[in-house]
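Down below is the structure, laid out as C-alpha cells.
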Amino acid sequence: MKLSLKELSLRIAEMGACEPVDKPNGHAYHGLLEFYDKVIYDRYRRFIVRHDLMEQFKAEDAAGAR
C-alpha cells in the first residue's frame with residue numbers, strides 16, 4: 001500500500017467519524033477502519049524488525065515499559 005502513515009491516520013479518523021452517523025453501513029466503515037489500522041500495525045512491525053529493535057522492545061516490555 002502506497003499511502004503514507006499520515007493519510008492512513010486521516011482515513012481511520014474519517015471512518016471513525018462516519019460509522020456512528022450512518023448506522024446501516026456502520027459495519028463497512030468499521031471494517032475499513034480495522035483494515036487501515038492493520039496496515040499501520042504491519043508497518044510498525046516491519047520497522048522494528050528492519051532496524052533490529054525487537055530485542056530492545058522485548059526487554060523494555062518485560063521491564064514494564066509500556
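The values are calculated or read from the model by the stated rules, or taken from the named source; none is laboratory data. Worth saying up front: this structure is predicted, and the values here are computed from it rather than measured. Reconstructed Cβ throughout: ideal geometry from the backbone, glycine too, with neighbour counts over all protein chains shown.
Check TYR41, TYR36 and return the single one that is aromatic (Phe, Trp, Tyr) and either over 17 Å from SER4 (Cβ atoms) or in contact with a helix residue (DSSP H, G or I) (Cβ under 7 Å, 6 or more places away or on another chain) (or both).
On the way: TYR41 fails: either over 17 Å from SER4 (Cβ atoms) or in contact with a helix residue (DSSP H, G or I) (Cβ under 7 Å, 6 or more places away or on another chain) (or both).
Of TYR41, TYR36, the one residue that is aromatic (Phe, Trp, Tyr) and either over 17 Å from SER4 (Cβ atoms) or in contact with a helix residue (DSSP H, G or I) (Cβ under 7 Å, 6 or more places away or on another chain) (or both) is TYR36.
Within the range 16-33, can one find any residue that is of a type in the set (Phe, Trp, Tyr), surrounded by fewer than 13 Cβ atoms within 10 Å (Cβ to Cβ) and out of contact with any strand residue (DSSP E or B) (no Cβ under 6 Å at 6 or more places or on another chain)? Walk me through it before giving the result.
Taking the range 16-33 first, the residues of a type in the set (Phe, Trp, Tyr) are 29.
This time we only want the ones that are surrounded by fewer than 13 Cβ atoms within 10 Å (Cβ to Cβ), so: none.
No, every residue in the range 16-33 fails to be of a type in the set (Phe, Trp, Tyr), surrounded by fewer than 13 Cβ atoms within 10 Å (Cβ to Cβ) and out of contact with any strand residue (DSSP E or B) (no Cβ under 6 Å at 6 or more places or on another chain).
Number of residues in the range 1-15 that are exposed (fewer than 11 other Cβ atoms within 10 Å of the Cβ) and modelled with pLDDT of 95 or more equals 2. Which of the residues spanning the range 35-44 are surrounded by fewer than 12 Cβ atoms within 10 Å (Cβ to Cβ) and either more than 18 Å from the chain's Cα centre (by Cα) or not hydroxyl-bearing (Ser, Thr, Tyr) (or both)? Hits for the range 35-44 are LYS38, ASP42.
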